[in-house]
């Protein structure tokens, strides 16, 4: 660096540190180095005399001109005679440009680091999701994703009936019932392909004679040589109308006529599910599946004629909540430490009896919603 540039650099350095605008153009190289070094602390320099400051900063006996404000300037003075700090201004502007360039570079680096941090977080979240998951859990996740879209469509369409139940525009309850029968039959067929053995039987629940014969709505056909665990789940849903048989027949065997059935009869729907011995399924996953299936069959039963649609809407909503909070789903996989659905209770409420800890598939709406709140709370505060 030449003496001229070094003098300008020393001038800027001293101005920045001590607030003194001095002319260093007459100093030698060694004196400029001392000025650039700035060996006197800024706070200590405030109590020094000018002579002492020069002696300590530049060397014994060295003095430099210092810019000071004079009295009033005569009006006829040319501006060029006042612009003595032209070179200093250029240096200050150059330094400002350097600082602005450094600032932009720092901001870009911050943006880059933030992007890298976000990528790391996503990678970490993905790593959590791709932790070893059993084949059956992965298949169940796909099964939930296939089963629930029609439920979303039904939920959008459900509207309360105004006026007399048969004097209204729009779909009747049996239209929803028909859709739900198709959803259930498709879901059962898909579960059967995954390795489940399922039997669904309708039994006459009336006390009047003659009692209608039982009807098998679905029964899996096991493959030769395959055995099924007795452990699984079973439940009964009451209040099923007989026209579900007609809907099932139209779906499975189009054009096939069925014997007429008294529309006043109500069936109990008995559902039994067992798992192939070759499949390993957690108790948590099995219980959650049983709750989902129970609500799905309840939705079909609660879509009966002369019934308010609020109950149907509730069962469909609970199905959707259970589908997104299942142990195999992403929201649940990210929070393995959360309690299971069957162990979930409202804050401050403790079960009074062992019966409260049962694994009845007919989980209450409060339990299902509270379980969802636990997952959402964990997502927010993670």
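We did not get these values from a lab; they are worked out from the coordinates using the rules stated. If you're wondering where the values come from, they're calculated on a predicted model, not measured in any experiment. As a convention, Cβ positions derive from the backbone with ideal geometry for all residues, glycine included, and neighbour counts pool all protein chains shown.
Structure notes:
- Placing pseudo-labels 7 Å out from each Cα toward the beta carbon at residue 369 and residue 145 gives an inter-label distance of 3.0 nm.
- Between residue 340 and residue 42, the contour length at 0.36 nm per residue exceeds the alpha carbon distance by 100.8 nm.
- Modelled FRET efficiency - R0 56 Å, residue 28 with residue 104, Cβ distances, 0.05 increments: 0.90
- Here the calculated FRET efficiency for residue 199 and residue 120, from their Cβ-Cβ distance with R0 = 35 Å, stands at 0.10, rounded to the nearest 0.05.
- Residue 175/residue 360 FRET efficiency (R0 22 Å; Cβ-Cβ; nearest 0.05): 0.10
- Peptides 365-373, 280-288, ordered by how many other C-beta atoms sit within 10 Å of their residues on average, highest first, read 280-288, 365-373.
- Note on residue 66 and residue 153: the model spin-label points, each 7 Å out from Cα along the C-beta direction, lie 8.7 nm apart.
- Separation in nanometres of the label points that stand 7 Å from Cα toward Cβ, at residue 251 and residue 112: 5.8
- Extension gain, residue 93 to residue 314: 0.36 nm times the residue separation minus the Cα-Cα distance gives 72.6 nm.
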